[in-house]
Amino acid sequence: MVDVSPVSAYTPTDPALDFRDIRLTYYGQGAPLTVIDQVAFQVAQGEFVSLVGPSGCGKTTLLRMVSGLSPAQEGAVYFHGQPITGPLKNIGIAFQNPVLLPWRNTLNNVLLPLEVVQPHKRKFRQNRDQYTKSAETLLDTVGLKSFQHHYPWQLSGGMRQRASLCRALIHQPEILLLDEPFAALDAFTREEMWGLLQDLWQKTGCTALLVTHDLREALFLSDTIYVLGARPSTIVHRVSVNLPRPRTLDLCFTDDFHDMYTELRHHIQRG
């Protein structure tokens, strides 16, 4: 059954991520603009959480705070009890645009994090054969092993996004940040990617945080969904998705799924 309630399915005593009273205001010409106001929630180790809400409510900004690229202005984001004050090394990121380097083939694009992220960077030459086998195994999992020597311009949009997911996961990150990774894909490819991402997430056991405007995508993938309201945004609703895994696309046609979808739309429109 699907449970829609103000109580999360997770009650972590030591959450992987802890957003504490986040507030963000932009100052410039004219009146100050508060985008985020007192946002607070937790993400358990291994949990898949989605953030949904209207455009401009600060969803992507919250992801950037986790990455350490944009530290919280007021309040703080904690990673295993420690405030995030700079870039984290043990995260993987996948964006709407895969941003594969055009001069590197698929395999070398996937290997890139191992060349630049410690402690893998200093061991890359010594362990290159081992890392290459890991990358080939990951590419095989997403159906790209036969395309490992192709360049980005030789791949379809769906293939590039699969390679982007492999690149985000190759260094076995503890946290996976996903910023509308499938928004640019056609509907059929996007739904295929939902199942693929679910499989990769379950195999790696990482903690995932997804920003999306697609409510069906959020419902299919998530353990918990947080609905953010319009600016200045705060969390207006929390949804626990208590559905068995692995999930299939048939789930999208069930009454429970439809009821959950309707509930999410209601809170976004009201918020």
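Would you compute, for the Cα atoms of the stretch 138-271, the largest minus smallest coordinate along each principal axis and list the three values in descending order, in whole Å?
Each principal axis gives a Cα extent; for the stretch 138-271 these are 49, 34, 28 Å.
Across the stretch 182-239, what fraction of all alpha-carbon pairs, as a whole percent, falls in each successive 5 Å bin from zero upward?
4, 15, 25, 24, 16, 11, 5, 0
How do 142, 39, 99 line up, fewest other C-beta atoms within 10 Å first? Before the final figure, lay out each step's value.
On the way: 142 21, 39 26, 99 14.
Fewest to most other Cβ atoms nearby, the residues stand as 99, 142, 39.
Expressed as cubic angstrom per residue, what is the convex hull volume of the alpha carbon set of the stretch 64-131?
Working: hull volume 8.0 nm³, N = 68.
In the stretch 64-131, the Cα convex hull volume per residue is 117 Å³.
Summing +1 for each Lys or Arg and -1 for each Asp or Glu, what net charge is found among the other residues whose Cβ lies under 10 Å from the Cβ of residue 216? Show your work: numbers first, answer last.
Details: positive: 190; negative: 191, 214, 217.
Local net charge: -2.
Run the reach check for residue 123 against aspartates and glutamates, Cα to Cα strictly under 14 Å, same-chain hits fewer than 8 apart removed. What comes back?
Those aspartates and glutamates meeting the cut-off are 115.
Mind listing the Cα extents of the stretch 77-221 along all three principal axes, in Å, largest one first?
Each principal axis gives a Cα extent; for the stretch 77-221 these are 44, 43, 25 Å.
What translational D, rounded to a whole number of µm²/s, comes out for the chain from Stokes-Einstein when the hydrodynamic radius is the Kirkwood one over Cα pairs, at 20 °C and 1.002 mPa s?
Details: Rh = 19.4 Å.
In µm²/s, the coefficient is 111.
Which percent of Cα pairs goes in each bin when the distances of the stretch 1-138 are cut into 5 angstrom slices starting at zero?
Taking every Cα pair in the stretch 1-138, the percentages come to 2, 8, 13, 16, 16, 14, 13, 9, 6, 2, 1, 0.
Please check: in the Gaussian network model of the chain (C-alpha springs, under 10 Å), which one of 220, 147, 253 has the largest mean-square fluctuation.
253
Exposure proxy check: 27, 151 ranked by fewest other beta carbons within 10 Å? Intermediate values should be presented prior to the final figure.
Working: 27 8, 151 16.
If I rank by nearby Cβ atoms, fewest first, I get 27, 151.
Given the rule -39500 (n - 2.57) for each run of at least 4 DSSP H residues, summed and divided by the residues of the chain, what is its mean residue ellipticity at 222 nm, to the nearest 500 deg cm²/dmol?
On the way: 8 runs with 92 residues, N = 271.
Helix contribution divided over all residues of the chain: -10500 deg cm²/dmol.
As a quick test, which of the pairs 145/203; 121/203; 133/203 have an alpha carbon distance above 21 angstrom in this structure? Don't skip to the answer; put the middle values down first.
Numbers: 145/203 18 Å; 121/203 24 Å; 133/203 17 Å.
Violating the 21 Å limit, Cα to Cα: 121/203.
Please arrange 91, 84 by counting, for each residue, the other beta carbons lying within 10 Å of its beta carbon, fewest first.
On the way: 91 23, 84 19.
Result, fewest neighbours first: 84, 91.
Where both residues lie in the stretch 154-271, what percent of DSSP beta bridges are antiparallel, nearest 5? Mind dumping the intermediate values first?
On the way: 5 of 10 bridges.
Just about 50 percent of them are antiparallel.
Read-outs throughout are calculated quantities, based only on the coordinates presented, and are distinct from any laboratory measurement. Only a predicted model underlies this, so the values are computations on that prediction, with no experimental measurement involved. All Cβ positions, even for glycine, are placed from backbone atoms using ideal geometry, and neighbour counts span all protein chains on display.
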